[in-house]
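Below is one structure; the comments refer to it alone.
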Amino acid sequence: MRRLKTIVLTTATLSVLTLGTMTAHAADGDMSRQLTEARQEGSVWTAFALNRHLSPFSIDVEVENGVAILTGEVESEVERDLAEQVALGVEGIREVDNQLQVSGEEVKRAPDGERSFSSRFNDATTTATVKSKLLWNRNTEGLDINVTSRDGVVTLEGRAGSEAASELAERLARNTEGVRRVENKLSVSAEGGTADRAREQVDNAGGAISDAWITSKVKSSFLFNSNLDGLDISVETRNGQVTLSGAVASEAEKSLAVEITENIRGVRGVNAGSLRVGGMED
């Protein structure tokens, strides 16, 4: 009897020890998973911060078992899609739960089909670039224009207030890096250009468009333009007056830089006296 009792006690002790070991292993595994998810969240955040379209936005990221949950708000559907593509490109992220809200714009999802991640990412970036240029330009920001991209071909659909506005939208899209062709399907309507004119006037008069915003959009517009090397151009804004300095390759580039700047919302004037043409000065 004594021996049997000893055996029973020993078995019970082993069970307790085994349970403790399993609990410890589970705790170690849980800690390892949490560390992995934290690293993945950091990688997604870094990717957003380095992306020229997503860095201005406050996007929250949470990763659970390889699923990235995105929350926050962006300006348009193209940035929403782009954020998802960027997150999917992070190692270990197998799925994205995209809960990002679009301010003032209905979310429309286009089917991805069987296209590669690289193609979808490039198209999302191109669409975001063109859409941004249209929104920043004082002559196109109020237009009802839908932008889609596929393999370097950009399609513009919607309404423009005039033939000149339609041509400008096409030119902005065509002069974007990565764009091979533009299909302009815009219809001209007298109502197409009136949507946000009153708001623009209020913004300009009330100073709602900050100097920092203007400087940022001018610089970005230079970098987005395929016919202009914006890296050598410095931009400073004070009370809506923009000063350009640095160097460009030709008079044509200088004129283009001035034109782009003049058309940015909120710009009241442009001083390009310090923007020299390369080769003209020793």
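Table for the structure above
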| read-out | value |
| --- | --- |
| Tally of residues being on the phi > 0 side of the Ramachandran plot and surrounded by 14 or more Cβ atoms within 10 Å (Cβ to Cβ) across the range 224-282 | 3 |
| Those residues of the range 60-119 which are modelled with pLDDT of 85 or more, crowded, with 16+ Cβ neighbours inside 10 Å and assigned to a loop (DSSP other than H, G, I, E, B), in sequence order | ILE93, LEU100 |
| Filtered residue count, the range 136-172, keeping only those that are under 21 Å from the mean Cα position of the chain (by Cα) and polar (S, T, N, Q) | 6 |
| Verdict on ILE264 being out of contact with any helix residue (DSSP H, G or I) (no Cβ under 7 Å at 6 or more places or on another chain) and in contact (Cβ under 8 Å) with a residue 40 or more places away in the chain | no |
| Qualifying residue in the range 222-239 (condition: at pLDDT 90 or above, under 19 Å from SER166 (Cα atoms) and more than 22 Å from the chain's Cα centre (by Cα)) | no |
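Conditions tested, residue by residue: (1) in contact (Cβ under 8 Å) with a residue 24 or more places away in the chain; (2) part of a helix (DSSP H, G or I); (3) not hydrophobic (A, V, I, L, M, F, W, C).
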| position | (1), (2), (3) |
| --- | --- |
| ALA128 | yes, yes, no |
| LYS133 | yes, yes, yes |
| SER166 | no, yes, yes |
| GLU183 | yes, no, yes |
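The values are calculated or read from the model by the stated rules, or taken from the named source; none is laboratory data. Since this is a predicted model, take the numbers as computed values, not measurements. Virtual Cβ from ideal backbone geometry, glycine too; neighbours counted across all protein chains shown.
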